[in-house]
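A short reminder: the numbers here are calculations on the coordinates, not readings from a lab. Note that the coordinates shown come from a computational prediction; the quantities given were computed from them, not determined experimentally. Backbone-built Cβ (ideal geometry, glycine too); neighbour counts: all protein chains shown.
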Amino acid sequence: MATLMLENGADIRFIQQMLGHARLDTTQIYTQVSIRQLKQIHSATHPAHFPKPKTDTPADTAAKAELLSALAAEDEEDEEPL
């Protein structure tokens, strides 16, 4: 039961309270995470599984520079005294 609850998102501290354990390490003995769950977490969170960022084209770089320039000019306008 404790393993299934943990795999479905229950906080281990709540499981500890439900089982009446004074120490968290006692609860951890009863909450063995399945290999299937470990593989899912690994696939979802390991950086090797993230998509590689695309390289900006010269047009992307120019558009970014233009946007930054426009924002800087707008910021300068906001700083002028009234």
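Going by neighbour counts of Cβ atoms within 10 Å, the residues Ile15, Ile41 line up, fewest first, as Ile41, Ile15. Protection proxy ranking of 23-30, 66-73, by the mean of other Cβ atoms within 10 Å over each peptide's residues and highest first, is 23-30, 66-73. Label positions at Lys39 and Lys54, each projected 7 Å from the Cα along the C-beta direction, are separated by 3.2 nm.
Once the Kirkwood radius over Cα pairs is known for region 1-49, the Stokes-Einstein relation at 37 °C and 0.692 mPa s delivers a diffusion coefficient of 282 µm²/s.
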